[in-house]
Amino acid sequence: MIRSVMIKLPMSDYVSDYYKKQRIEFTLRQQAHFCWAYSELLKDRMGSFKEILEISDDEKLNAEIRQRMEYEEKAYDCFMTNQGSECIYVFYPDDREEYDIEYFSSAKNAVSYGIRHANKVFSVEKRRLFDKRTEGLAEKAAVDDMEDTDTVLSKYYFTQEGDIRSGESYEYKPSFDERDTDRFEEMFLCIKSPFACGDIVMGPDFDEPRVVNTDHGCFEEIYERLKDTGGLDYTDNCIRTDWIRTDGRPDYDHSVPFGLWKVDSWDDGVYWNILQIMSKIAKAGGDILNLQYFIDEYVGRHVDYRGGRLKLAEHELIEE
């Protein structure tokens, strides 16, 4: 059943407006995926799930959402619990050097420290004390490489204010297969991309704008190519974006498009001119990476050697 968007989805205003103008509506399963995969905070994901449950008559989806909500709650409770003081909590400031880590006897103290001292985001890792591990492992580690024995039980990522961004638990296992691509968390979105080839876009994690090198139909193309392989999952919900690195070399990335927006100017006029050239190349069906290859081939024909000049002529190097 197709439902109109009834909850706030984690999209940029540009992307939201694009889908509205295209009259593209998302199923509740697709909405659940958006909220799970792209919401910044865990509490926002849980809040959106509650809203979906209030309007959804999709029993399979509802069961999956309840499983996820129950798991996240119990996994975090497990993270917060120090089993008989057998564990330590390691604070990692993501914006500083590794030597700034600190150790705590409780998750509460570690998170409280992070709120007071982290400049940006931070993480807290729960580890079992080495001499408190399962009988036999410590003895094995004394003989084998200590790195082969993993003492990490869980790890959670927090904002500077102490809100949970995401978490990973190895001590509390889910009752469902987290890699199941039929579930809403891992699903592939066979929808139109909000951007056309050659669009110049900016994103919340970009240092400078980039040029889109896929078209509106890229997701449908990916689906047709891979639908019979069983290899489609949420990681395929990406588009290619190109930019120029500070060393002058072109580069690209597979970017999630839903938080991006188009831009029509940039403070750095020189870089903006470069982006417009890259945009024209993309719109014409070219590839900036292939262009760089041919430039390198051309430059390679004229190289300095022993103070002289070498030229490639009839497949032979002749020194001037």
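The values are calculated or read from the model by the stated rules, or taken from the named source; none is laboratory data. Source: prediction; values computed, not measured. No Cβ is skipped: glycine too gets one built from the backbone with ideal geometry, and neighbour counts run over all protein chains shown.
The residue that is surrounded by the fewest Cβ atoms within 10 Å (Cβ to Cβ), counting only those in region 12-25 that are at pLDDT 95 or above and either in contact with a Phe, Trp or Tyr (Cβ under 6 Å, 6 or more places away or on another chain) or outside any helix (DSSP H, G or I) (or both), is Y14.
Give the residues of region 263-277 that are out of contact with any Phe, Trp or Tyr (no Cβ under 8 Å at 6 or more places or on another chain), of a type in the set (A, V, I, L, M, F, W, C) and assigned to a helix (DSSP H, G or I), sorted by residue number. Walk me through it before giving the result.
Let us first name the residues in region 263-277 that are out of contact with any Phe, Trp or Tyr (no Cβ under 8 Å at 6 or more places or on another chain), namely 263-264, 267-271, 273-274, 276-277.
Of the ones still in play, those that are also of a type in the set (A, V, I, L, M, F, W, C) are 263, 270, 274, 277.
The answer is V270, I274, I277.
So if I check each of S16, S39, S56, which one is farther than 23 Å from K192 by Cα and polar (S, T, N, Q)?
Details: S16 fails: farther than 23 Å from K192 by Cα; S39 fails: farther than 23 Å from K192 by Cα.
Only one candidate passes the filter, namely S56.
State whether the residues of region 283-296 include one that is over 16 Å from T241 (Cα atoms), modelled with pLDDT of 70 or more and of a type in the set (S, T, Y). Within region 283-296, one or more residues are over 16 Å from T241 (Cα atoms), modelled with pLDDT of 70 or more and of a type in the set (S, T, Y). Only one of the numbered conditions (1) over 20 Å from S279 (Cα atoms); (2) touching a helix residue (DSSP H, G or I) at 6+ places or on another chain (Cβ under 8 Å); (3) exposed (fewer than 15 other Cβ atoms within 10 Å of the Cβ) is violated by S265, and that is (1).
Might you check whether a residue that is aromatic (F, W, Y), under 24 Å from S39 (Cα atoms) and either modelled with pLDDT of 85 or more or not assigned by TED's automatic domain parsing to the domain that holds S39 (or both) occurs anywhere in region 114-133? Explain how you work it out, then say what you get.
So the first thing to find is which residues in region 114-133 are aromatic (F, W, Y), and the list is 122, 130.
Still in the running and under 24 Å from S39 (Cα atoms): 122.
The next check asks that each one be either modelled with pLDDT of 85 or more or not assigned by TED's automatic domain parsing to the domain that holds S39 (or both); those that pass are 122.
Scanning region 114-133 turns up at least one residue that is aromatic (F, W, Y), under 24 Å from S39 (Cα atoms) and either modelled with pLDDT of 85 or more or not assigned by TED's automatic domain parsing to the domain that holds S39 (or both).
Tell me, please, whether a residue that is assigned to a helix (DSSP H, G or I) and either within 18 Å of the chain's Cα centre (by Cα) or free of Cβ contacts under 8 Å to residues at least 24 places away in the same chain (or both) can be found in region 202-221. Yes, some residue in region 202-221 is assigned to a helix (DSSP H, G or I) and either within 18 Å of the chain's Cα centre (by Cα) or free of Cβ contacts under 8 Å to residues at least 24 places away in the same chain (or both). Taken over region 147-202, the residue count meeting the criterion of being under 24 Å from L232 (Cα atoms), of a type in the set (S, T, Y) and surrounded by fewer than 18 Cβ atoms within 10 Å (Cβ to Cβ) is 3. A Cβ distance below 6 Å, combined with a sequence gap of six or more or placement on separate chains, defines the contacts here; from region 98-125, residues that are within 13 Å of C87 (Cα to Cα) reach residues that are of a type in the set (G, A, S) in the pairs F104/A110; V124/A110.
Got a number for residues in region 99-116 being farther than 11 Å from G162 by Cβ and part of a helix (DSSP H, G or I)?
At the first step, the residues of region 99-116 found to be farther than 11 Å from G162 by Cβ are 99-107, 109.
Still in the list and also part of a helix (DSSP H, G or I): 99-100, 107, 109.
The number of residues fulfilling the criteria is 4.
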